[in-house]
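The values are calculated or read from the model by the stated rules, or taken from the named source; none is laboratory data. What you see is a predicted model, and the numbers here were worked out from it, not measured in a lab. All Cβ positions, glycine included, derive from the backbone under ideal geometry; neighbour counts span all protein chains shown. Calculation scope for accessible area: heavy atoms of the full protein, side chains included, ligands and nucleic acids excluded. Shrake-Rupley method; radii C 1.70, N 1.55, O 1.52, S 1.80 Å.
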Amino acid sequence: MKIALCDDNHLFLNEMQEQLQSISAVDSVQSFEELEDFLDAVRDGKAYDAVLMDIDWNRNKSGIQAAEELYRIAPDTKVIYVTGYTACFVQQVFLHKANLSGFLSKPVDRTLLQQNLDKVKENLTEQEERLVVRSNGALFHIPVRDIHYIESQGHTVLIHTEKETITAYEKLNNLFEQLPESFCQCHKSYVVNMNHVRRFQGSKVLLKSDHVIPISRSRNAEARERYFSFIGQQI
């Protein structure tokens, strides 16, 4: 899991970072002593599975307000509030929108920390896979099952889903690396979701949505092999 740690107490940050790094389920920890630095990182496309968010910052913005803003720009990020003033804030945390996962009191009990992270991990396992892209300054968390195909056009990609087409300034190869094995690159400019393929026909892929996707000569054999292997696994 990728964890963000937000607190204005440098000593507490160091202590918590050590604890988090000793937990096997935690892959990375990034610490922030300023709320805006954390929010700017998320706006720039940095993705976290969960954030441990201090509530009282003695600033214009509280951790609760930051979590509400986080919910608008990265709604899938889980929030675990951390505070030394539980009685002051416990009734306020439910008054603002946030993807609230837990609440810890300082000093943080290691067992409760572990239990909170186990809960996040369990939810991540149950949560459907999503492709995260930036489009027009906003982050989109697109369920991969809804993607029919992705098309490269110059410096942009068009992500075609059941309901909409999302344009993002991204390289097709970079997105393809983030997708599960149910996706196949049949052309240098096209990636298809094999769950939405009706059949391969000559030098084309026919999708269930009636879209027709070209297959390049250099990728024909590999694309067909991957597709028939995928179909075989579904039987």
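Relative to the current alpha-carbon distance between Arg72 and Ala25, full extension at 0.36 nm per residue lengthens the span by 14.3 nm. The Cα center of the range 1-71 and the Cα center of the range 191-219 differ in position by 43 Å. The slack in the chain from Lys188 to His10, taken as 0.36 nm per residue of separation less the alpha-carbon distance, amounts to 59.3 nm.
Per-residue ellipticity at 222 nm computed for the chain from its helices equals -9000 deg cm²/dmol, with DSSP H segments shorter than 4 residues left out and the rest contributing -39,500 (n - 2.57).
Exposed loop sites here mean GluC sites (Glu not before Pro) with a DSSP loop assignment and at most 13 other beta-carbon atoms within 10 Å; the chain contains its longest site-free run at 35-127. Filter the trypsin sites (Lys or Arg not before Pro) in the range 147-235 down to the DSSP loop ones having no more than 14 other Cβ atoms within 10 Å, then list what survives. Sites meeting the loop and neighbour criteria: Lys163, Lys171, Lys188, Lys208. DSSP finds beta bridges in the chain, and of those with both partners inside it, around 60 percent are antiparallel. For the range 37-44, backbone phi angles converted through the Karplus equation (6.51, -1.76, 1.60; θ = phi - 60°) give residue-by-residue couplings of 5, 5, 5, 5, 4, 5, 4, 7 Hz, Gly and Pro being listed as x.
Averaging the sequence gap over all C-alpha pairs within less than 8 Å and six or more residues apart, then dividing by the number of residues, gives the range 89-235 a relative contact order of 13 percent.
Under a Gaussian network description of the chain, with springs only between Cα atoms under 10 Å, the residue in Ile213, Ile23, Ile159 that fluctuates furthest is Ile23.
Residues whose amide H falls under 5 Å from that of Val82, counting only those 5 or more places apart or on a different chain, are Met53, Asp54, Ile55, Leu104, with hydrogens built in the peptide plane. Solvent exposure of the range 135-235, expressed per residue, is 60 Å² of accessible area, with all protein chains present and a 1.4 angstrom probe.
Taking θ as phi - 60° and the Karplus parameters 6.51, -1.76 and 1.60, the scalar couplings of the range 27-33 work out to 8, 8, 10, 10, 9, 9, 9 Hz in sequence order, x denoting glycine and proline.
In this calculation the C-beta distance from Glu129 to Asn58 is compared with R0 = 30 Å, giving a FRET efficiency of 0.15.
Listed by chain and number, the lysines whose alpha-carbon sits under 19 Å from that of Lys46, ignoring those within fewer than 8 places in the same chain, are Lys2, Lys78, Lys121, Lys171. Using θ = phi - 60° in the Karplus curve 6.51 cos²θ - 1.76 cosθ + 1.60, the 3J(HN,Hα) couplings for the range 4-20 round to 9, 10, 10, 7, 8, 9, 4, 5, 5, 4, 4, 5, 5, 4, 4, 4, 5 Hz; x is entered for Gly and Pro.
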